[in-house]
Amino acid sequence: MRTWKWMLTAFLLITLSAMAQQTTDQSPTSSAAGSQTATTPAPTAQPAASQPANSAGQSAAASPATMAPPTTMDQVVDRAIQREHALMEMLKTRTPLVETYLQNLKPDPKLGPVPSEDHYFLGRLDLGQSVDRRDYLSKDESFEKNLLGGVTKMFKFEYKPMGFSWMIFADRDDFDRSHYGFKYVRREFLGDVRCLVFDVTPKKDAGKGRFLGRIWVEDQEYNIVRLNGTYSPRPRNAMYFHMDSWRLNLIPGYWVPAYIYSEEGDFSYGAKDKMAFKAQSRIWGYDLKKGAKEDELTSLRVDSVKDETPSTTDASPLEAQRQWQQQAEDNVVERLQESGLVAPEGEVDKVLQTVVNNLIVTNNIELPRPVRTRVMITSPLETFSVGNTIVVSRGLIDVLPDEASLAMVLSHELAHIVLGHNLGSKFAFNDRMLFSDESTYNNFGFRHNPDEETAADTKAMELLKNSPYAQKLDVPSLFLKELSARAPELSALLTAHLGNSFTTDKGQLTRLSALAAMGPALDPNKLDQIAALPMGGRVKLNSWTDRVELTKSAPVAIISARDKMPFEVTPFFPRLSRLSSDATTGNTSTASNRPPSN
Ligand SMILES: [Zn+2]
């Protein structure tokens, strides 16, 4: 038993302690893709099981795979245009979540462009004919107004709802030959997928805001898998930003928009570019039910009390209390998953649970039922617990440099559980689950008061010191120091929406400050000191099913202080591959694993 546990720890160390930034593997066959940057951390695109599979059989129904293959480049373009319209049609009934995390940049003599402030947007995109977004964050203001709060008017245009849909599609309205010219460039591999590359230019008098750039079209069904460019010509007093938009083959026959990287700014000598930012957008929740409101009534679970009572007798007062808390916990976790905010239980949870177990076993903690963990899909760094479930955000897992840092994060929430700081039992009343997905943040909240926070920190230090991580607390301490150093510029990233934030509004560390005070001093110039990773390096998200898994990419050597990029936004470079029949089966079982909602 002991050996087993330590072996798991060793395994986790290999998975999690890779010190450096991550990268996508270059495909062995991708020598043609010489322009690919191999040094950018990015989530990989596909479930590990994916193989460059023969997709002809599975996708025949959804796409024209049975059509005769095109023989000329003109026919390829026709097919790509046709597939683009098929994608728009297929997504018309979908309302995925869209998250944009944006960092404004300022030049730093040593570190290059660094964040000067940040902005966070989370909303729902209606891909029907009238593009509409509903916002998860705003209270009274419209999404757009909220979006513009604090953002200069430069962003105003691009973020207009139509503008955003343009970033998902090349051109929502007029993607055809009468508006665009297509010029074949070359063949190129993106990951495992062979693509035909075309430069796309709007025709003269095609109108304002047309796509200008390059598209990659996969060579089996001729779907666009990547768009890179901008929109042109720009109207007066407005700007379009540049975007690199990636799609993934998550369902048979279609490549769905998943990641968009945007960047503007020029720090070259003499440049007078006032606007400088980089932004990551992620889209997920395609498979969530549209208008889930009605479904909520049928999906509420009230049977857990009955199911999990081991005896046939009435519950004692203490048992009843515990069952009540578990009912609340189940309700909350399930509701968050329905809203698209929490990922279905999966592989990442096993890793989190193993670290929690390491803390529990070495501290001889006895709990009436096991601690569970879940991943919140959003970027802001936050954790909270409800009942015995610890929830950690994807963004936080992304930036943690090693397993000990993960243990540090989990120890604080485990401390709340051990100390009985149970929150949220009011959610055992099912009427409290009846709200729209967009208002989740207004209806849920799991913040502890300062006394409980202090008590949890003290307990967490005790848990860590008795744990396998006791001798490895230098890195977690550096992480907290880096967090504290960067906090003033990263207030959006550090604003928790459901739990306690890591810092105050003024950027003062509010969690485990005793640990932050220990250990070595933070030195940005020390190359072997990695205090925090860039965003997006650890967890990859399936935009269709909302499942998350850890990326498998090799560490990349850091050659200068600029390579460290703690908490920073970087471009995406997912490794594209075709949906395998394995993955398709997986998706099917995923669908049936969802909470019943229809
Ligand atoms: Zn806390």
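The values are calculated or read from the model by the stated rules, or taken from the named source; none is laboratory data. For clarity, every value in this text was computed on a predicted model and none was experimentally measured. Note: ideal-geometry Cβ built from the backbone for every residue, glycine included; neighbour counts use all protein chains shown. All accessible areas refer to the heavy atoms of the entire protein, side chains included, with ligands and DNA or RNA removed. Shrake-Rupley method; radii C 1.70, N 1.55, O 1.52, S 1.80 Å.
Considering every residue within the range 353-369, establish whether at least one is at pLDDT 95 or above, within 16 Å of the ligand (Cβ to nearest atom) and within 22 Å of the chain's Cα centre (by Cα). The answer is no; no qualifying residue exists. Of all residues in the range 434-473, which are closer than 23 Å to ARG335 by Cβ, open to solvent by 40 Å² or more (accessible area, probe 1.4 Å), more than 15 Å from the ligand (Cβ to nearest atom) and not polar (S, T, N, Q)? Within the range 434-473, LEU434 is the sole residue that qualifies. Tallying residues that are in a helix (DSSP H, G or I), of a type outside the set (Ser, Thr, Tyr) and more than 10 Å from the ligand (Cβ to nearest atom) within the range 408-426 yields 7. Do you know which residues across the range 466-482 are within 25 Å of ASP523 (Cα to Cα) and either in a loop (DSSP other than H, G, I, E, B) or of a type in the set (Lys, Arg) (or both)? Answer for the range 466-482, where residues must be within 25 Å of ASP523 (Cα to Cα) and either in a loop (DSSP other than H, G, I, E, B) or of a type in the set (Lys, Arg) (or both): TYR469, LYS472, LEU473, LYS481.
A quick yes/no check of all residues on (1) touching a residue at least 24 places away in the same chain (Cβ under 8 Å); (2) more than 16 Å from the ligand (Cβ to nearest atom); (3) over 16 Å from LEU381 (Cβ atoms):
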{"residue": "SER484", "(1), (2), (3)": "yes, yes, no"}
{"residue": "GLU489", "(1), (2), (3)": "yes, yes, no"}
{"residue": "LEU493", "(1), (2), (3)": "yes, yes, no"}
{"residue": "HIS497", "(1), (2), (3)": "yes, no, no"}
{"residue": "GLN508", "(1), (2), (3)": "yes, no, no"}
{"residue": "ARG511", "(1), (2), (3)": "yes, no, no"}
{"residue": "ASP523", "(1), (2), (3)": "no, yes, yes"}
{"residue": "LEU527", "(1), (2), (3)": "yes, yes, yes"}
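Return only the number of the condition from (1) open to solvent by 20 Å² or more (accessible area, probe 1.4 Å); (2) without any contact (Cβ under 8 Å) to a residue 40 or more places away in the chain that ILE251 does not satisfy. The one condition ILE251 does not meet is (2). Comparison of VAL333, VAL361, VAL351, VAL392 shows that the only residue that is farther than 25 Å from LEU494 by Cβ and not in a loop (DSSP other than H, G, I, E, B) is VAL361.
In the range 88-110, is there at least one residue being modelled with pLDDT under 85, more than 23 Å from ASN443 (Cβ to Cβ) and touching a helix residue (DSSP H, G or I) at 6+ places or on another chain (Cβ under 8 Å)? Taking every residue of the range 88-110 in turn, at least one turns out to be modelled with pLDDT under 85, more than 23 Å from ASN443 (Cβ to Cβ) and touching a helix residue (DSSP H, G or I) at 6+ places or on another chain (Cβ under 8 Å). The set of residues from the range 499-508 being touching a helix residue (DSSP H, G or I) at 6+ places or on another chain (Cβ under 7 Å) and surrounded by 20 or more Cβ atoms within 10 Å (Cβ to Cβ) comprises ASN500, PHE502, THR503.
The condition of being over 15 Å from PHE502 (Cβ atoms) and either more than 12 Å from the ligand (Cβ to nearest atom) or open to solvent by less than 10 Å² (accessible area, probe 1.4 Å) (or both) holds for only one of GLY387, GLY395, that being GLY387. Residues in the range 370-384 that are away from the ligand (no atom under 16 Å from the Cβ) and part of a strand (DSSP E or B): ARG372, ARG374, VAL375. The requirement of being more than 24 Å from ARG194 (Cα to Cα), assigned to a strand (DSSP E or B), at pLDDT below 85 and open to solvent by 10 Å² or more (accessible area, probe 1.4 Å) is not satisfied by TYR269.
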